[in-house]
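Everything below concerns the one structure shown next.
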Amino acid sequence: MSVRVRFAPSPTGRLHVGNIYVALNNWLFARQRGGSFLLRLDDTDIERSTAEFAAGIEADLAWLGLAWDLFARQSQRLASYDSAAARLKQSGRLYPCYETAEELALKRKVQLSQGKPPVYDRAALKLTDSDRARLEAAGITPHWRFRLEGRRVEWHDHVRGAEHIDTSSQSDPVLIRADGTYLYTLPSVVDDIELGVSHVIRGNDHVTNTATQIQIFEALGAKAPEFAHLPLLVDAAGEGLSKRLGSLSIADLRAQGLEPMALNAYLAHIGTGDPVLPVRHLDELVAGHDLAKFGKSSPRFDPVELLHLNARLLHLLPFAEAQAHLASLGLGSVDAALWDVARSNVEKVEEVAEWYRICRGTIPPQVTDPAFAGAAADVLPPEPWDEGTWKSWTDAVKAATGRKGKDLFMPLRLALTGLDHGPELKLLLPLIGRDKALRRLRGESA
């Protein structure tokens, strides 16, 4: 089977981590099988869809490296949906209904009060041609429902295993609104047929839609694709993400300085049982991808854990791969030597700016004991310096002052860096250089 998957966001907002969780699993599935990845913009909501959001979706996917092989817009495919709707009307599977929203709400209320499931009673199927003509003459425009076959629909889910839905317990779904616009269901099925989608990988909030969609595929004379329903993400406390997405948009995570591969690696691993490890390239995620690793429980998305993974990734990132990001932050003057020392002590690339200032710029004096610092300055060795300079110098300071341990090292760290923490001083000292080190030990800004 030729594999083709699709990611189908609506350009009514920016992508968030839940969207990318689905997009990434589609992309990895396709790449592992030599298939293709379709980006389809479900932009039939004319009032809410914007060109700005569409461009944002493309930019977010590009930043993450999730390149698409095919591209489609639903707004350019309306003729296909009209043709499919006409065929379903012709076969009697799509039928007009004239109830108002208020009338339907009342029906549901009565059914619930009687202990019955709130399933549409198909009253519209009992209308005669004259009944429909009378209603339309009165200015009532119908909405259109798909007539389900009322049988058990079974499929094998690549995540959940054997699944089934008894459609006799479901209402015939509305496919076309009274204003003539399409709901999600019919355009999605038509696109999957005409664009050759072989596997539909999406969130498990769509499980109950699957039986309906399978019957629409069949009613249009097509074989349904295979399905995989991923568990939905929750936050670190186990709550749904839907109300907390403001700070978890991809644009915001990018603005916060996170690496795209940190997010890719995190979303590819959570919920699978595999350890969450830093990965530098998408290709490294492809080989281990397996939808069967996902369980039914919801993976927890923890921004703190993501930040820690980002730091671990930076610790592995060679200068050649960090250089473009450094330049985008105005840190193009950072060289390989400084990056190699600083990367082990930052969570985000932007934090290298502090170590650039310490090694290449000027810091205020932080001398806590002038006499001790002066004695240390007196035995500061001449350049050139290397990683062995720190030990030989501190051995000389120890001999001259009698100090050792923290009492020896901490005042020197504070004087040289202005901080009580950071990379090993044997690595920092050659980057700071003798001139700056000498002036800082003397209590001067340098």
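The values are calculated or read from the model by the stated rules, or taken from the named source; none is laboratory data. In this text the structure is predicted, and so the values were computed from the model without any measurement. Using ideal geometry, Cβ is built from the backbone for each residue, glycine included, and neighbour counts are taken over all protein chains shown.
Just one of the listed residues (GLU305, GLU387, GLU321) is farther than 21 Å from ASP420 by Cβ, in contact with a Lys or Arg (Cβ under 6 Å, 6 or more places away or on another chain) and surrounded by fewer than 18 Cβ atoms within 10 Å (Cβ to Cβ), and it is GLU387. Here ARG202 fulfils each of the conditions (1) more than 16 Å from PRO299 (Cα to Cα); (2) in contact with a strand residue (DSSP E or B) (Cβ under 9 Å, 6 or more places away or on another chain) apart from (1). Scanning the stretch 255-282 for residues that are farther than 24 Å from VAL352 by Cβ and without any contact (Cβ under 8 Å) to a residue 12 or more places away in the chain turns up HIS269, PRO275. All conditions but one from (1) touching a residue at least 12 places away in the same chain (Cβ under 8 Å); (2) touching a His at 6+ places or on another chain (Cβ under 8 Å); (3) charged (D, E, K, R) apply to GLU154; the one that does not is (1). If you go through the stretch 19-73 and keep only what is assigned to a loop (DSSP other than H, G, I, E, B) and within 24 Å of TYR182 (Cβ to Cβ), you end up with ASP42, ASP43, THR44, ASP45, ILE46, GLU47, ARG48, SER49, THR50, TRP68.
Residue by residue, here is whether (1) surrounded by fewer than 19 Cβ atoms within 10 Å (Cβ to Cβ); (2) of a type in the set (A, V, I, L, M, F, W, C); (3) in contact (Cβ under 8 Å) with a residue 60 or more places away in the chain holds:
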position: PRO9; (1), (2), (3): no, no, no
position: ARG14; (1), (2), (3): yes, no, yes
position: ASP43; (1), (2), (3): no, no, no
position: TRP63; (1), (2), (3): yes, yes, yes
position: TYR98; (1), (2), (3): no, no, no
position: PRO117; (1), (2), (3): yes, no, no
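In the condition set (1) out of contact with any Phe, Trp or Tyr (no Cβ under 9 Å at 6 or more places or on another chain); (2) assigned to a helix (DSSP H, G or I), TYR266 is compliant with all but (1). Does VAL352 count as in contact (Cβ under 8 Å) with a residue 24 or more places away in the chain and touching a Lys or Arg at 6+ places or on another chain (Cβ under 8 Å)? For VAL352, the condition - in contact (Cβ under 8 Å) with a residue 24 or more places away in the chain and touching a Lys or Arg at 6+ places or on another chain (Cβ under 8 Å) - is met. Applying the condition of being over 17 Å from HIS421 (Cβ atoms) and under 24 Å from the mean Cα position of the chain (by Cα) to the stretch 328-353 and asking which residue is surrounded by the most Cβ atoms within 10 Å (Cβ to Cβ) yields VAL349.
Residue-by-condition table, conditions (1) of a type outside the set (A, V, I, L, M); (2) in contact with a helix residue (DSSP H, G or I) (Cβ under 6 Å, 6 or more places away or on another chain); (3) under 23 Å from ALA224 (Cα atoms):
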| position | (1), (2), (3) |
| --- | --- |
| ARG4 | yes, no, yes |
| PRO9 | yes, yes, yes |
| GLY18 | yes, no, no |
| TYR21 | yes, yes, no |
| ALA54 | no, no, no |
| LEU66 | no, yes, no |
| ALA72 | no, no, yes |
| LYS89 | yes, no, yes |
| LEU106 | no, no, no |
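Do the conditions hold for ASP252, that is, is it surrounded by fewer than 16 Cβ atoms within 10 Å (Cβ to Cβ) and outside any helix (DSSP H, G or I)? The answer is no for ASP252. Candidates in the stretch 418-446 are the residues that are part of a loop (DSSP other than H, G, I, E, B) and not small (Gly, Ala, Ser); of these, the one that is surrounded by the most Cβ atoms within 10 Å (Cβ to Cβ) is PRO423.
Can LYS293 be described as among the basic types (Lys, Arg), more than 23 Å from GLU424 (Cα to Cα) and touching a residue at least 12 places away in the same chain (Cβ under 8 Å)? Against the criterion (among the basic types (Lys, Arg), more than 23 Å from GLU424 (Cα to Cα) and touching a residue at least 12 places away in the same chain (Cβ under 8 Å)), LYS293 qualifies.
Of GLU347, GLU387, which residue is under 22 Å from PRO260 (Cα atoms), in contact (Cβ under 8 Å) with a residue 40 or more places away in the chain and either in a helix (DSSP H, G or I) or not basic (Lys, Arg) (or both)? Only one candidate qualifies: GLU347. Taking the criterion of being crowded, with 17+ Cβ neighbours inside 10 Å and part of a loop (DSSP other than H, G, I, E, B), the only residue of the stretch 390-417 that qualifies is ARG403. The set of residues from the stretch 291-327 being under 18 Å from the mean Cα position of the chain (by Cα) and among the acidic types (Asp, Glu) comprises ASP302, GLU305. Within the stretch 194-205, residues that are closer than 17 Å to PHE37 by Cβ and modelled with pLDDT of 95 or more sit with their Cβ atoms under 8 Å from residues that are among the β-branched types (Val, Ile, Thr) and part of a loop (DSSP other than H, G, I, E, B), at 6+ positions apart or across chains, in these pairs: SER198/VAL3; HIS199/VAL3.
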